[in-house]
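The values are calculated or read from the model by the stated rules, or taken from the named source; none is laboratory data. Just so you know, these numbers come straight off a predicted model, no measurement behind them. Note that we place each Cβ from the backbone using ideal geometry, even for glycine, and neighbour counts take in every protein chain shown.
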Amino acid sequence: MNSTYSLGNRLLDALPAGDASDLAGDLSVVTLRAKQSTQSAGERILHIDFPIDAVLSVVATLKNGETVEVGTVGSESFVELEATLGSDVASRTSFCQVDGRVGRMRVERFAWRMTTSDSFAWSMRRNVRAALYSSQQFAVCNLKHSVVQRCARWLAMTADRVDRPQFSLSREFLAIMLGAKAAVVVEATDWLERSGAVAYHRSEVRILDPGRLHDAACECYDVSNAAFAASLCT
């Protein structure tokens, strides 16, 4: 059974008091399972998801059926970003990457808020700008940084988003998210284990030393965090 939203998504929680005070009427808290679809490309957008402690993936599907992650969304943002531009059709497929909760708002209510509240619309658009900036940074990251660096950055960001040091994530799934071969990702996670940064058991990841994991990650971790932090400033 769904419950009413109170706190948990940093974007919603940073809204001015006037906007935040009546959010409960528009939001329900939905629990998602890993790999559960939340939106399919080409279909009408029915709702906007604001992750609380779930992590969602946005993927592009190639002609051969292969999927490549083009965005990861946690408590710093929301899915579907294109709704801020008035689009009612999803351009990408999204699904739950790490199970948890989202605050869900019907797209009609989101559109109403975008047109009736300047502060709400301003906050959403600033967040979209941060998301676009981060996606550009990660495009550079995929070209210039090693799999170990990208793996460390991805694990550190996921731990931040779920707000806990342990979460379920198979190496095979991590390979898909990083767009790397499974064997290469196994080598990268083995290196992070030997460094004492993380422990991997079956499909469970535990962050043992956040400082070491941060040191192993590329600069893109800090760059993305700074962009979203700035977007929350009023």
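Listed here are the residues, each with its yes/no results for (1) within 18 Å of residue 176 (Cβ to Cβ); (2) more than 10 Å from the chain's Cα centre (by Cα); (3) surrounded by fewer than 17 Cβ atoms within 10 Å (Cβ to Cβ).
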position: 50; (1), (2), (3): no, no, no
position: 68; (1), (2), (3): yes, yes, yes
position: 81; (1), (2), (3): no, yes, no
position: 85; (1), (2), (3): no, yes, yes
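Checking the structure you have, find out if any residue of the range 185-193 is more than 20 Å from residue 73 (Cα to Cα), of a type in the set (Phe, Trp, Tyr) and at pLDDT 95 or above. Full working, then the answer.
Taking the range 185-193 as the starting set, the residues that turn out to be more than 20 Å from residue 73 (Cα to Cα) are 185-193.
Filter once more, keeping what is of a type in the set (Phe, Trp, Tyr): 191.
Then drop every residue that is not at pLDDT 95 or above, which leaves 191.
Taking every residue of the range 185-193 in turn, at least one turns out to be more than 20 Å from residue 73 (Cα to Cα), of a type in the set (Phe, Trp, Tyr) and at pLDDT 95 or above.
Rundown of residues vs (1) in contact with a helix residue (DSSP H, G or I) (Cβ under 8 Å, 6 or more places away or on another chain); (2) among the polar types (S, T, N, Q); (3) in a strand (DSSP E or B), yes/no style:
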| site | (1), (2), (3) |
| --- | --- |
| 38 | no, yes, yes |
| 41 | no, no, no |
| 50 | yes, no, yes |
| 59 | no, no, yes |
| 63 | no, no, no |
| 71 | yes, no, yes |
| 76 | yes, no, no |
| 101 | no, no, yes |
| 104 | no, no, yes |
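Just need a number here: residues in the range 106-128 that are buried (at least 16 other Cβ atoms within 10 Å of the Cβ) and in a helix (DSSP H, G or I).
11
State all residues of the range 136-175 that are within 18 Å of residue 56 (Cβ to Cβ), modelled with pLDDT of 90 or more and assigned to a helix (DSSP H, G or I); if no residue qualifies, say none.
153, 154, 155, 156, 157, 158, 159, 160, 161, 162
Yes or no, residue by residue, for (1) modelled with pLDDT under 90; (2) buried (at least 19 other Cβ atoms within 10 Å of the Cβ):
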| residue | (1), (2) |
| --- | --- |
| 5 | yes, yes |
| 13 | no, no |
| 21 | yes, no |
| 25 | yes, no |
| 40 | no, no |
| 44 | no, no |
| 56 | no, yes |
| 60 | yes, no |
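When residues of the range 145-168 are filtered for being on the phi > 0 side of the Ramachandran plot and aliphatic (A, V, I, L, M), how many remain? Steps first, please.
Going through the range 145-168, the residues on the phi > 0 side of the Ramachandran plot turn out to be 163.
Imposing the further condition that a residue be aliphatic (A, V, I, L, M) reduces the set to none.
Adding up the residues that qualify gives 0.
From the residues in the range 1-14 that are over 19 Å from the mean Cα position of the chain (by Cα) and assigned to a loop (DSSP other than H, G, I, E, B), which one is nearest to residue 126 (Cα to Cα)?
6
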